[in-house]
Amino acid sequence: QVQVVESGGGLVQPGGSLRLSCVASGIIFSNYDMGWYRRAPGKQRDLVATITRGGVTNYADSVKGRFTISRDNAKNTVLLQMSSLEPEDTAVYYCKASRIGHSAWGQGTQVTVSS
C-alpha cells in the first residue's frame, strides 16, 4: 500500500524558518519524481518545488532563493527547507510522488506564518 506522509508544519513568525519532511512508502522511491505543492485559503493548489529522480530541481518564482527541496533515497524522504517565510506562504503543504502511470498525494501539513 502506497503511503505519503508529511510532517513539520506549524506556526512561525514572519522571517522565520521551517523544514517540512515527506516520507513515502510502498513505492520504489528512487523511481519517482517528488514535489511539494500548497493550497492557500480560498485558492487552488499550486506547485512549490519539485525534484526529479535524477535530482534536478524546479521552484515556483515566489519561493526561489528562500526554499530548498532535497531528497534522500536511502530514507525514502523528501525535504523542503523554508526560510524567510512570509504571511503569503501560509497554506496547507502537500507532498506528491509521481512517475508515468502513477501518482500519490499526502494528506498535507499546515504552515501558518503570522506574528
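The values are calculated or read from the model by the stated rules, or taken from the named source; none is laboratory data. The structure displayed is predicted, hence computed values, not measured ones. Note that we place each Cβ from the backbone using ideal geometry, even for glycine, and neighbour counts take in every protein chain shown. Areas reflect the complete protein model, heavy atoms only, side chains present, ligands, DNA and RNA absent. Shrake-Rupley method; radii C 1.70, N 1.55, O 1.52, S 1.80 Å.
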### Message
Just to check, using Stokes-Einstein with a Kirkwood Rh over alpha carbon pairs, what's the diffusion coefficient of the chain at 37 °C and 0.692 mPa s in µm²/s?
### Response
234 µm²/s
### Task
Could you check how much of the accessible area of the chain is carbon and sulfur, as a whole percent, using a 1.4 Å probe?
46 percent
### Message
Using the Kirkwood radius over C-alpha pairs as Rh, can you work out the diffusion coefficient of region 54-101 via Stokes-Einstein at 20 °C, viscosity 1.002 mPa s, in µm² per second?
### Response
171 µm²/s
### Query
In nm, to one decimal, how far is the residue 43 label point from the residue 81 one, both placed 7 Å along Cα→Cβ?
2.4 nm
### Task
Grab the other residues whose beta carbon is less than 13 angstrom from that of residue 24, score K and R as +1, D and E as -1, and report the net.
+2
### Query
Hey, what do the phi angles of region 55-69 turn into as Karplus ³J(HN,Hα) couplings, whole Hz, using 6.51/-1.76/1.60 and θ = phi - 60°, x for Gly and Pro?
x, 7, 10, 8, 10, 5, 4, 5, 10, 4, x, 10, 10, 9, 9
### In Å², nearest 10: area of residue 2 left accessible to a 1.4 Å probe
60 Å²
### Summary
Neighbours of residue 53 by Cβ distance under 11 Å: Lys/Arg at +1, Asp/Glu at -1, summed charge +1
### Message
Just to confirm, what accessible area per residue do you get for the chain at 1.4 Å probe, in whole Å²?
### Response
54 Å²
